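Here's the structure we're looking at; comments come further down.
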2 protein chains.
Amino acid sequence: MSAINHQVRLAGRPSGLPRASDWEFTSEDVPEPGPGSFVVEVSHLSIDPAMRGWMNAAASYIPPVEVGDVMRAGAVGLVTASAHPEYAVGDYVYGSFGVQEYALSDGRGVSKIDTALAEPSTYLGALGMTGLTAYFGLFDVGRIQPGETVVVSGAAGAVGSIAGQIARIKGCRTIGIAGGPEKCRALTDEFGFDAAIDYRAGNIRKALREHAPKGVDVYFDNVGGEILDAVLTRLARHARIIICGAVSQYNETAVRGPANYLMLLVARASMTGMVIFDYVDRFAPALAELAGWYQAGQLASREHVVHGGVRDFPEVLLQLFDGANTGKMVLALDKD
Amino acid sequence: MSAINHQVRLAGRPSGLPRASDWEFTSEDVPEPGPGSFVVEVSHLSIDPAMRGWMNAAASYIPPVEVGDVMRAGAVGLVTASAHPEYAVGDYVYGSFGVQEYALSDGRGVSKIDTALAEPSTYLGALGMTGLTAYFGLFDVGRIQPGETVVVSGAAGAVGSIAGQIARIKGCRTIGIAGGPEKCRALTDEFGFDAAIDYRAGNIRKALREHAPKGVDVYFDNVGGEILDAVLTRLARHARIIICGAVSQYNETAVRGPANYLMLLVARASMTGMVIFDYVDRFAPALAELAGWYQAGQLASREHVVHGGVRDFPEVLLQLFDGANTGKMVLALDKD
């Protein structure tokens, strides 16, 4: 094992898509844990659309990553040294360890994961923040009911693919929107959506009319932009829109607002923003339910795992915005 | 009394502001009431921003006015002939009587008004749909709580001026947004807002920072456009936006969507559309509460009454979109 910790730090604040010059590669000695802390060797990094927002200077739902800091990232890894009473060498853990090979932690925001139940990478997907975001978005914000029609955008992505499955488990009719025939096939064949709409194929409104003839009760929006505007025209009375993200807009210098937002009035509908960190107190029972579905084979977690080193992170992040992934985008750190 | 009923009918569907050619003036004999119906001589017409939407072909929360039909309008008037068991000659009533001098009614959607308590025109304002819209918007959609900061746009207008007063009665801090120093003076001096922001004077965001330092808990939006975008940047955590209307957008050929809608995510906030007709079952107790505040002198109803004939309707409607009114815009039909 190398005693060097390779890291990726934010070097500049991008306008539009992040460029190579926005990153800096650094290396340090692997830290030694003092009393009450431990060291994690990171095995898998979570690659998230939200990362783009964290690179901006403006405060959002969490503070921005400062220029010069190690880039923030959720990750799983193995405890390799510990002076913490609750974490032992050999424990597998999840935490916000950052884009680096080794992280020093005091245990805050860290949870142990059970690698007998699922692969480590799955704890970045269905059994992690991704699954929790879908879960609380649908149940708490969307208040889904059996028999309702639920539309999910970014449906082949990390959160979307889980959201569609949870809605189906709860007895909803599910329609997924994704880009390209391959992803659409995954929606129906792998993730069990009742219908798939390929937004690249053209008329989203027409497809929604066909697949949701009685209107959309719940829309789980991961993308914003023209897809949000299309769904707004097809809302059922008292529809609920969950604003989970807007991946189509994160790299735009001017955000496109939903021009059809007055359909909220026509439909007496609501559009509500959610941030998963608000539900921390209820993570444990939610994760237990997700794990139950996973074990029972009702919930598939697909991870798009790219193998490499931390130096590959900038490129993998761009692949995410390119829509290269089906399921959760993960960078697995291979040892030299 | 003339036996002729003068009417204004929709002649065309406007693009942008309604023009003279969009209207047709007709006259008919005053109808005779058959069994179960009665005739109302209209005294006051409600002039509403929503009228612009009713002129469009697209179905909205109610069907469009068809070309050739008498223009839809809420109104008050006097029963002048009746073959209905519940309405007698001399009763003052409210109903959707349309832009005409006389209306035939079977009593559906009609309510009697008490002219001993307030002027007939007030039943188009604080004690009518206007007051009810403010009431259910704030309580049901906005869920206002004492001590919260409530911002109202179109605050010198019909619904806005009532909304600000109700929020104040309920112990909220109230900030009104209106155009020009005269209206802003009315906000604080007449309608009791804690602060007024003149959107024509410039920086709305800066003014909101000053007057709502802890953020906006509830935003009652009547206008949309750049004011909605400004308020979105100042939301408190878990803020509620009530979408009641968007007067800035009704005459635009392309609606401006709220580019800052992702602040809903940052603030975990919601934006919800409302239509007053959904609350019909609860109008009676709400009107009783509004009347109580009105009698106690806590709630001022200001009507901007223009006197004229039905032929003046097209011009008065344009004045409304010009922002000429403070309070409820009413066309009082003078007898020849």
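Projecting the Cα positions of A:317, A:293, A:254 onto the charge dipole of region A:241-318 (unit charges on Cβ atoms of Lys, Arg, Asp and Glu, taken about the Cα centre) puts A:254 furthest along the positive direction. Here the relative contact order of region A:194-336, from alpha carbon pairs under 8 Å that lie six or more residues apart, stands at 17 percent. Here the spin labels are modelled as points 7 Å beyond Cα on the Cα-Cβ line, and at residue B:20 and residue B:335 they lie 3.1 nm apart.
Only Cα sites of region A:144-272 enter the Debye sum here, all with the same form factor; the resulting log10 I(q)/I(0) across q = 0.11, 0.14, 0.17 1/Å is -0.32, -0.52, -0.79, listed in q order.
Arrange B:135, B:123 by Cβ neighbour counts within 10 Å, fewest through most, would you? Don't skip to the end; give the middle numbers.
Values: B:135 24, B:123 30.
Ranking B:135, B:123 by Cβ neighbours within 10 Å, fewest first, gives B:135, B:123.
Here is how the number arises for chain A: DSSP H runs of 4 or more residues each give -39500 (n - 2.57), the sum is divided by the residue count, and the result at 222 nm is -6000 deg cm²/dmol. Can you work out D for region A:191-336 in µm² s⁻¹ from Stokes-Einstein, where Rh is the Kirkwood radius over C-alpha pairs, the temperature is 10 °C and the viscosity is 1.306 mPa s? Translational diffusion coefficient: 88 µm²/s.
For a label point 7 angstrom out from the Cα of residue A:321 toward its Cβ, which stretches of region A:213-252 have the backbone nitrogen within less than 13 Å? Backbone N within reach: A:247-252. Reported to the nearest whole Å, the Cα centre-to-centre distance from region A:1-52 to region B:10-27 is 65.
Would you mind ranking A:38, A:321 by Cβ crowding within 10 Å, fewest neighbours first?
Working: A:38 26, A:321 16.
Going from least to most buried by this count: A:321, A:38.
Compactness of region B:101-209, taken as the C-alpha radius of gyration over 2.2 N^0.38 Å, stands at 1.23. Annotation for residue A:282, label-to-label distances across the other copies: 2.3 nm (shortest first, one decimal, point 7 Å from Cα along Cα→Cβ). By the gyration tensor of its Cα atoms, with a ≥ b ≥ c the square roots of the eigenvalues, what is the shape of region A:1-155: rounded for a/c under 1.5, prolate for a/b over b/c, or oblate? Oblate, because a/c is 1.5 or more while a/b does not exceed b/c. Which stretch or stretches of region A:73-102 have amide N atoms under 13 Å from the point lying 7 Å from residue A:32's Cα along the Cα→Cβ direction? Of the residues in region A:73-102, A:82-83 have backbone N under 13 Å from the label point off residue A:32. Neighbours of residue A:216 by Cβ distance under 12 Å: Lys/Arg scored +1, Asp/Glu scored -1, total +4. In a reduced charge model with +1 at each Lys and Arg Cβ and -1 at each Asp and Glu Cβ, region B:166-262 shows a dipole moment near 380 debye about its Cα centre.
Chain B's nearest residue to the axis relating it to A, judged by Cβ and reported with the distance in whole Å, is B:257, 2.
The length gained on full extension between residue B:78 and residue B:106, counted as 0.36 nm times the residue separation minus their Cα-Cα distance, comes to 8.6 nm. Each label was represented as a point 7 Å from its Cα along the Cα-to-Cβ direction; for residue B:289 and residue A:117 these points are 4.6 nm apart.
Put simply, the amide H of residue A:36, placed in the peptide plane, has neighbours under 5 Å in A:83, A:84, leaving out anything fewer than 5 places away on its chain. Sorted from greatest to least, the principal axis extents spanned by the alpha carbons of region A:220-302 come out as 42, 33, 26 Å. A simple charge model with +1 on the Cβ of Lys and Arg, -1 on the Cβ of Asp and Glu and nothing else charged puts the dipole of the protein assembly as shown at about 20 debye relative to its Cα centre. For region A:59-123 versus region B:144-183, the spacing of their alpha-carbon centroids is 48 Å. Taking all Cα pairs closer than 8 Å and separated by 6 or more residues, the relative contact order of chain A comes to 18 percent. Can you work out the PRE-style zone for residue A:281? Point 7 Å along Cα to Cβ, and I want the residues of region A:125-160 with backbone N under 16 Å. Label zone hits: A:140. Radius of gyration (Cα atoms) of the protein assembly as shown, expressed as a multiple of 2.2 N^0.38 Å: 1.13. Taking 7 Å steps out from each Cα toward its Cβ at residue B:226 and residue B:298 produces label points 3.8 nm apart.
Here the dipole of region B:39-158 is about 280 debye; that uses its Cα centre as origin and unit charges on the Cβ of Lys and Arg (positive) and Asp and Glu (negative).
Exposure proxy ranking for A:151, A:316, based on other Cβ atoms within 10 angstrom of each Cβ and starting from the fewest, stands as A:316, A:151.
Once the C-beta distance of residue B:89 and residue B:214 is scaled by a Förster radius of 60 Å, the resulting FRET efficiency is 0.60 to the nearest 0.05.
Readers should treat all values here as calculations from the given coordinates under stated rules, not as data from a laboratory. Keep in mind that this is a model prediction, so the values were computed, not measured. Don't worry about glycine lacking a Cβ; one is built from the backbone with ideal geometry, like all the others, and counts go over all protein chains shown.
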